[in-house]
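The values are calculated or read from the model by the stated rules, or taken from the named source; none is laboratory data. Because the structure is a prediction, the values reported are computed rather than measured. So basically every Cβ, Gly included, is an ideal-geometry build from the backbone, and we count neighbours across all protein chains shown. Accessible surface is based on the protein model in full, side chains and every heavy atom, while ligands, DNA and RNA are left aside. Shrake-Rupley method; radii C 1.70, N 1.55, O 1.52, S 1.80 Å.
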Amino acid sequence: MQDGQEFWSAGKASYDPARITAPVLLVVGEWDRDTPPYMAQTLFPLLVNARWKRLTMLSEGTHTLAMEKNRMLLLRTVQQFLEEPAPGPGAIQ
(Lines give C-alpha, C1' and ligand atoms only; values in the text may rest on other atoms or scores of the structure.)
Protein backbone atom coordinates (compact mmCIF):
# COMPACT_ATOMS: atom_id res chain seq x y z
CA MET A 1 0.00 0.00 0.00
CA GLN A 2 2.79 2.40 0.92
CA ASP A 3 4.64 1.74 -2.36
CA GLY A 4 1.41 2.36 -4.20
CA GLN A 5 1.00 5.73 -2.56
CA GLU A 6 4.64 6.80 -2.75
CA PHE A 7 5.37 5.57 -6.27
CA TRP A 8 2.47 4.55 -8.50
CA SER A 9 0.02 7.20 -7.36
CA ALA A 10 2.75 9.83 -7.56
CA GLY A 11 3.84 8.77 -11.06
CA LYS A 12 7.31 7.69 -9.85
CA ALA A 13 9.05 4.52 -10.99
CA SER A 14 9.86 2.06 -8.21
CA TYR A 15 12.95 0.77 -10.06
CA ASP A 16 15.34 1.77 -12.83
CA PRO A 17 15.21 -0.64 -15.81
CA ALA A 18 18.75 0.40 -16.78
CA ARG A 19 20.07 -1.16 -13.56
CA ILE A 20 18.80 -4.64 -14.47
CA THR A 21 21.72 -6.79 -15.60
CA ALA A 22 20.10 -10.24 -15.62
CA PRO A 23 18.59 -11.73 -18.78
CA VAL A 24 15.04 -10.44 -19.25
CA LEU A 25 11.99 -12.02 -20.88
CA LEU A 26 8.94 -9.81 -21.31
CA VAL A 27 5.81 -11.74 -22.27
CA VAL A 28 2.57 -9.94 -22.97
CA GLY A 29 -0.80 -11.07 -24.24
CA GLU A 30 -2.15 -9.50 -27.42
CA TRP A 31 -5.41 -8.55 -25.68
CA ASP A 32 -4.00 -7.62 -22.25
CA ARG A 33 -5.80 -4.53 -20.96
CA ASP A 34 -4.10 -4.46 -17.54
CA THR A 35 -0.59 -4.25 -18.99
CA PRO A 36 -1.16 -3.64 -22.70
CA PRO A 37 1.58 -4.40 -25.23
CA TYR A 38 2.64 -0.74 -25.49
CA MET A 39 3.84 -0.91 -21.87
CA ALA A 40 6.24 -3.78 -22.61
CA GLN A 41 7.30 -2.06 -25.82
CA THR A 42 8.10 1.07 -23.80
CA LEU A 43 10.05 -0.86 -21.16
CA PHE A 44 12.04 -3.04 -23.57
CA PRO A 45 14.47 -0.39 -24.92
CA LEU A 46 15.13 0.86 -21.37
CA LEU A 47 16.69 -2.49 -20.42
CA VAL A 48 20.05 -1.29 -21.75
CA ASN A 49 22.21 -3.33 -19.35
CA ALA A 50 20.36 -6.65 -19.46
CA ARG A 51 22.71 -9.44 -20.55
CA TRP A 52 20.14 -10.24 -23.20
CA LYS A 53 16.47 -9.53 -23.55
CA ARG A 54 13.44 -10.74 -25.42
CA LEU A 55 9.96 -9.32 -25.91
CA THR A 56 7.27 -11.82 -26.90
CA MET A 57 3.62 -11.12 -27.63
CA LEU A 58 1.35 -14.14 -27.46
CA SER A 59 -1.76 -14.25 -29.61
CA GLU A 60 -5.23 -13.89 -28.17
CA GLY A 61 -3.95 -13.59 -24.61
CA THR A 62 -5.09 -11.32 -21.81
CA HIS A 63 -3.53 -10.59 -18.41
CA THR A 64 -4.63 -14.03 -17.23
CA LEU A 65 -2.90 -15.88 -20.07
CA ALA A 66 -1.71 -18.59 -17.67
CA MET A 67 -5.33 -19.71 -17.31
CA GLU A 68 -6.36 -19.37 -20.95
CA LYS A 69 -6.36 -21.58 -24.04
CA ASN A 70 -2.83 -20.53 -25.07
CA ARG A 71 -1.29 -21.17 -21.66
CA MET A 72 0.95 -23.93 -23.03
CA LEU A 73 2.46 -21.42 -25.46
CA LEU A 74 3.26 -19.21 -22.47
CA LEU A 75 4.85 -22.11 -20.58
CA ARG A 76 6.91 -23.18 -23.61
CA THR A 77 8.06 -19.60 -24.19
CA VAL A 78 9.29 -19.25 -20.60
CA GLN A 79 10.86 -22.72 -20.52
CA GLN A 80 12.75 -22.11 -23.76
CA PHE A 81 14.11 -18.80 -22.45
CA LEU A 82 15.29 -20.46 -19.23
CA GLU A 83 16.94 -23.43 -20.93
CA GLU A 84 18.61 -21.90 -23.97
CA PRO A 85 22.26 -20.89 -23.86
CA ALA A 86 23.17 -17.23 -23.72
CA PRO A 87 23.72 -15.57 -27.09
CA GLY A 88 27.36 -15.62 -28.13
CA PRO A 89 29.54 -12.56 -28.75
CA GLY A 90 28.35 -10.54 -31.70
CA ALA A 91 24.91 -12.13 -31.71
CA ILE A 92 22.03 -9.93 -32.76
CA GLN A 93 19.88 -9.34 -29.71
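Just reorder 52, 31 by solvent-accessible area, largest first, 1.4 Å probe, all chains present.
From most exposed to least exposed: 31, 52.
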(request) Using a 1.4 angstrom probe on the protein heavy atoms only, line up 54, 33 by accessible area, largest first. (result) 33, 54
(request) Using a 1.4 Å probe and counting only protein heavy atoms, arrange 9, 59 so the residue with the most accessible area comes first. (result) 9, 59
(request) Report, to the nearest whole %, how much of the accessible area of the chain belongs to carbon and sulfur atoms, 1.4 Å probe, protein only. (result) 57 percent
(request) Return one whole number: the accessible area per residue of the chain in Å², for a 1.4 Å probe. (result) 75 Å²
(message) Loop-only GluC sites (Glu not before Pro) in segment 20-84, please: DSSP not H, G, I, E or B, and at most 15 other Cβ atoms within 10 Å.
(response) 30, 60
(request) Using only protein heavy atoms and a 1.4 Å probe, report how much of residue 12 is accessible, in Å² to the nearest 10. (result) 120 Å²
